[in-house]
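Encoded as structure tokens, the structure appears first; notes follow it.
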């Protein structure tokens, strides 16, 4: 029994094992990089003199221009939920990149607010397709023991994107012409092209570009391939991801787990089944996924990400130069703090980090509101510091945690649809919040942060009573957490992790080894 692919097999299959996982992580990270860049780039441009002179946006229209991007993201996520089962994750990722290129070009060439808003919507559709696709792709290809860590690493790229956006805005502040805002808005297209190029060359190292394109678009997560009845291709992909031969027990058992999960889902067929009771509690899991994603914008993270410069200028009273500079340092701190998530997300688990993070964010928002209410210079310094504290707690729990946890919650057959629906919820709510926040800052000032403090405090009991721990469990074993409707999923997950019964699926389906080993179309010695 070989422990790895033979050289001639590796030549045929291209990247495999750790290099393939690394490339997938980088490619998915670029998708999150785009997310962060688009989150941060407009906030620093809203107060640019040339941008103001060009568009003359009121506070209400300012919120609309910002929020329309989220509306586009919601549309992109919903489209992904409809199309991903048919076309796969990578095809939609490439389509999303194309939308971002078109949207970025429209924004950068805008002379009217209408054109700017159209570009925001189209780019948002692209980002929605990318984020909902790469999250599922990465969760379905990463090894269970480091799944959360790899996704956390990709999500650190989101912060790198925000960091670049804020510092680019700061650097372009030296220019007084339209280039100060046109160039930052166009740069997103460059990032999208790099991501698509990396995904294009990742599956096979061939010289024929047409062959590359075809194979890049058909390379997919093994769970999606099994779901489509393409077990032989799924087995090949697993061999590549794990760098093992077809006869290796780890490969055989991973396919057995996937097939077992598909068997649990086999009676489900349509959107209506998302709200029906079934053997794996799909309705409950979809509801939890949508709830977790919806909690994210209500934490205040969206307002901080998009309106950091505005908050520093209007709420705290900094000059534009100081606000841009402080925003840039905030993103440096945000990125540095996110490195701790790589360890904490697996070591401490999802639930504990959600609760600790929520408590920290609630305290930071409360102190921020209290200091802004006094209006003194010393209080303003403390207020700025609280934004730094808030960002640290947010990245330790809710930033990476939400995008890791949501696809883990969902059953295999509806993972793509459920993730698309949950992402639609978060972007739809983000649209609403971004519409309201600029008006709220201008009218109720510091009181808006009290609202975010209350929301964060509410997240603690919700997490404690409703959200089961998934750290360390395979995606198929998570189905076991929800198979007994009379037992709390929180308690069942705790028992599974404590007793090591994550291996239950493997033990039950050991008899399937001969069947899977005989899968046609795969030759381990070729």
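Quick notes on this one:
- For the stretch 296-315, a residue qualifies if it is more than 12 Å from residue 433 (Cβ to Cβ) and either buried (at least 20 other Cβ atoms within 10 Å of the Cβ) or touching a strand residue (DSSP E or B) at 6+ places or on another chain (Cβ under 8 Å) (or both), and the qualifying residues are 308, 309, 310, 311, 312, 313, 315.
- Verdict on residue 128 being touching a residue at least 12 places away in the same chain (Cβ under 8 Å), closer than 30 Å to residue 345 by Cβ and part of a helix (DSSP H, G or I): yes
- When residue 246 is tested against (1) in a helix (DSSP H, G or I); (2) at pLDDT 70 or above, only condition (1) is not met.
- Qualifying residue in the stretch 134-155 (condition: over 30 Å from residue 470 (Cβ atoms), buried (at least 20 other Cβ atoms within 10 Å of the Cβ) and touching a helix residue (DSSP H, G or I) at 6+ places or on another chain (Cβ under 8 Å)): no
- Among residues of the stretch 400-423, those that are under 26 Å from residue 355 (Cβ atoms) and in a helix (DSSP H, G or I), counted: 16
- Residues in the stretch 340-361 that are touching a helix residue (DSSP H, G or I) at 6+ places or on another chain (Cβ under 7 Å) and outside any helix (DSSP H, G or I): 340 only.
- Residues satisfying the stated conditions in the stretch 496-515, i.e. surrounded by 14 or more Cβ atoms within 10 Å (Cβ to Cβ) and either more than 33 Å from the chain's Cα centre (by Cα) or at pLDDT 80 or above (or both): 512, 513, 515
- Candidate set: the stretch 78-98, residues that are more than 23 Å from residue 23 (Cβ to Cβ) and in contact (Cβ under 8 Å) with a residue 24 or more places away in the chain; chosen: the one surrounded by the fewest Cβ atoms within 10 Å (Cβ to Cβ): 82
Table: residues versus (1) surrounded by 23 or more Cβ atoms within 10 Å (Cβ to Cβ); (2) touching a strand residue (DSSP E or B) at 6+ places or on another chain (Cβ under 6 Å); (3) touching a residue at least 12 places away in the same chain (Cβ under 8 Å); (4) in a helix (DSSP H, G or I).
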{"residue": "390", "(1), (2), (3), (4)": "yes, no, yes, yes"}
{"residue": "397", "(1), (2), (3), (4)": "yes, no, yes, yes"}
{"residue": "436", "(1), (2), (3), (4)": "no, no, yes, yes"}
{"residue": "440", "(1), (2), (3), (4)": "no, no, no, yes"}
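Each row is one residue, and each column tells you yes or no for (1) at pLDDT below 85; (2) over 20 Å from residue 108 (Cα atoms); (3) out of contact with any helix residue (DSSP H, G or I) (no Cβ under 9 Å at 6 or more places or on another chain); (4) not in a helix (DSSP H, G or I).
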{"residue": "162", "(1), (2), (3), (4)": "yes, no, no, no"}
{"residue": "169", "(1), (2), (3), (4)": "yes, no, no, no"}
{"residue": "176", "(1), (2), (3), (4)": "yes, no, no, yes"}
{"residue": "184", "(1), (2), (3), (4)": "no, no, no, no"}
{"residue": "204", "(1), (2), (3), (4)": "yes, yes, no, yes"}
{"residue": "233", "(1), (2), (3), (4)": "yes, yes, no, no"}
{"residue": "240", "(1), (2), (3), (4)": "yes, yes, no, no"}
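- Residue list for the stretch 369-388, restricted to those being within 18 Å of residue 330 (Cα to Cα) and buried (at least 18 other Cβ atoms within 10 Å of the Cβ): 380, 383, 384, 386, 387
- Among all positions in the stretch 356-368, there is at least one residue which is crowded, with 24+ Cβ neighbours inside 10 Å and over 20 Å from residue 463 (Cα atoms).
Table: residues versus (1) within 29 Å of residue 365 (Cα to Cα); (2) without any contact (Cβ under 8 Å) to a residue 60 or more places away in the chain.
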{"position": "445", "(1), (2)": "yes, no"}
{"position": "448", "(1), (2)": "yes, no"}
{"position": "451", "(1), (2)": "yes, yes"}
{"position": "460", "(1), (2)": "yes, no"}
{"position": "465", "(1), (2)": "yes, yes"}
{"position": "472", "(1), (2)": "no, no"}
{"position": "484", "(1), (2)": "no, yes"}
{"position": "492", "(1), (2)": "no, yes"}
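- Any hit, the stretch 322-329, residues being touching a residue at least 24 places away in the same chain (Cβ under 8 Å), over 14 Å from residue 391 (Cα atoms), out of contact with any strand residue (DSSP E or B) (no Cβ under 9 Å at 6 or more places or on another chain) and surrounded by 19 or more Cβ atoms within 10 Å (Cβ to Cβ): yes
- The listed residue being out of contact with any strand residue (DSSP E or B) (no Cβ under 7 Å at 6 or more places or on another chain), over 20 Å from residue 301 (Cβ atoms) and modelled with pLDDT under 80, out of 487, 470: 487
- Residue satisfying condition, being at pLDDT 85 or above and over 30 Å from residue 407 (Cα atoms), within set 97, 58, 110: 110
- Filter result for residue 72 (under 25 Å from residue 172 (Cβ atoms), at pLDDT below 85 and in a helix (DSSP H, G or I)): no
- Every pair of residues 6+ apart whose Cβ atoms lie under 6 Å, when the first sits in the stretch 169-194 and is surrounded by fewer than 18 Cβ atoms within 10 Å (Cβ to Cβ) while the second is modelled with pLDDT of 85 or more: 178/50; 186/104; 186/108
- Residue in the stretch 334-342 that is surrounded by 23 or more Cβ atoms within 10 Å (Cβ to Cβ) and under 22 Å from residue 448 (Cβ atoms) present: yes
- Residue under evaluation residue 41, criteria (1) at pLDDT below 80; (2) over 16 Å from the mean Cα position of the chain (by Cα); (3) in a helix (DSSP H, G or I), criterion not met: (1)
- The set of residues from the stretch 81-94 being under 16 Å from the mean Cα position of the chain (by Cα) and either modelled with pLDDT of 80 or more or not in a helix (DSSP H, G or I) (or both) comprises 92, 93.
Residues are listed down the side, and each one gets a yes or a no for (1) surrounded by fewer than 19 Cβ atoms within 10 Å (Cβ to Cβ); (2) within 24 Å of residue 191 (Cβ to Cβ):
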| site | (1), (2) |
| --- | --- |
| 20 | no, yes |
| 26 | yes, yes |
| 35 | no, yes |
| 39 | no, yes |
| 49 | yes, no |
| 53 | yes, no |
| 59 | yes, no |
| 67 | no, yes |
| 70 | no, yes |
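The values are calculated or read from the model by the stated rules, or taken from the named source; none is laboratory data. Here the structure is a predicted model, which means the values were calculated and not measured. Methodologically, a virtual Cβ is constructed for each residue, glycine included, from the backbone with ideal geometry; neighbour enumeration extends over all protein chains shown.
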